[in-house]
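Step one of this worksheet: look at the structure below.
The values are calculated or read from the model by the stated rules, or taken from the named source; none is laboratory data. These numbers come from a predicted model, not from an experiment. Note that we place each Cβ from the backbone using ideal geometry, even for glycine, and neighbour counts take in every protein chain shown.
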Amino acid sequence: MDTQAEKVSSNIEYWATRWNEQRIGWHQPQVDKYLLKYYSKITGKSLPEAPLSKEAPEFKVNSTKTWRTLGEEHGLGLTLENEANLFVGAEGRLKIYFGDLFQCPIEQFGPFDYVWDRGSLIAIEYPCRNNYKAMMQRALKHKEKGNYHNFSYLLEIVRYDKTKFGGPPRSLDDEDLKTLYEDWAEVKFLDQAPLPENHPVAKHPDIGPVDEMVFLITPKNSS
């Protein structure tokens, strides 16, 4: 039987291969529609007017004067800080960690005010989801106090019959959401729509209906 470490290692190798072969269909040429739709709801602020990059326009939206961002590099004029495994933007507002997601000392960069997850959780192997949960809890806690920051966390997932397709992207049902969040956060449903018929996942033989769903996650007992 595979150990947890072996599962994590195989997952890293899988995504490294996908990247090297440029099989990166999760990149979008436009700003994500749900980020645009719910930006004001999760931040309490209007969407900044900012130039959009070709491959990851959301990072240009989120790295304006209003925000400091931890994310992924796409031609944003970054320099490398080897000691911390970080790419840092010219003005210091965008920081990008590179390496094993679960080895990231994410608590050093938090607690985060806002999180947007469009393709991270659904890419992770089912047995590794508790690692993701632990990482997000560290990212959203005050390091000294140990309590949760007043965060807003936009989560986009897909949902389908797991017995018909193993992913990625990997499905999350209601029980999965309870396991990952119920003991430390509130989960509020925001949106749901069927995947377009021409989407690669929707075209998988015999998969049946596939929906994309959006949730807002906040600290327990937050107003």
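The single condition among (1) in contact with a Lys or Arg (Cβ under 6 Å, 6 or more places away or on another chain); (2) closer than 17 Å to residue 124 by Cα; (3) of a type outside the set (A, V, I, L, M) that residue 166 does not meet is (1).
How many residues are among the small types (Gly, Ala, Ser) and within 30 Å of residue 207 (Cα to Cα) if we restrict to segment 107-159? Final tally of qualifying residues: 3. Counting only residues that are touching a residue at least 12 places away in the same chain (Cβ under 8 Å), under 15 Å from residue 112 (Cβ atoms) and touching a strand residue (DSSP E or B) at 6+ places or on another chain (Cβ under 8 Å), segment 142-179 holds 9 of them. Restricting attention to segment 68-85, does a residue exist that is modelled with pLDDT of 70 or more and either surrounded by 15 or more Cβ atoms within 10 Å (Cβ to Cβ) or in contact with an Asp or Glu (Cβ under 9 Å, 6 or more places away or on another chain) (or both)? Checked against the condition, which is being modelled with pLDDT of 70 or more and either surrounded by 15 or more Cβ atoms within 10 Å (Cβ to Cβ) or in contact with an Asp or Glu (Cβ under 9 Å, 6 or more places away or on another chain) (or both), segment 68-85 yields at least one hit. Which residues, taken from segment 134-163, are within 12 Å of the chain's Cα centre (by Cα) and of a type in the set (D, E, K, R)? Correct list: 156 only. In segment 170-222, the qualifying residues are those that are crowded, with 16+ Cβ neighbours inside 10 Å and either charged (D, E, K, R) or in contact with a Cys (Cβ under 7 Å, 6 or more places away or on another chain) (or both), and the one that is nearest to residue 121 (Cα to Cα) is 170. The condition (being touching a Lys or Arg at 6+ places or on another chain (Cβ under 7 Å), without any contact (Cβ under 8 Å) to a residue 40 or more places away in the chain and under 25 Å from residue 43 (Cβ atoms)) is satisfied by just one residue among 139, 185, 193: 185.
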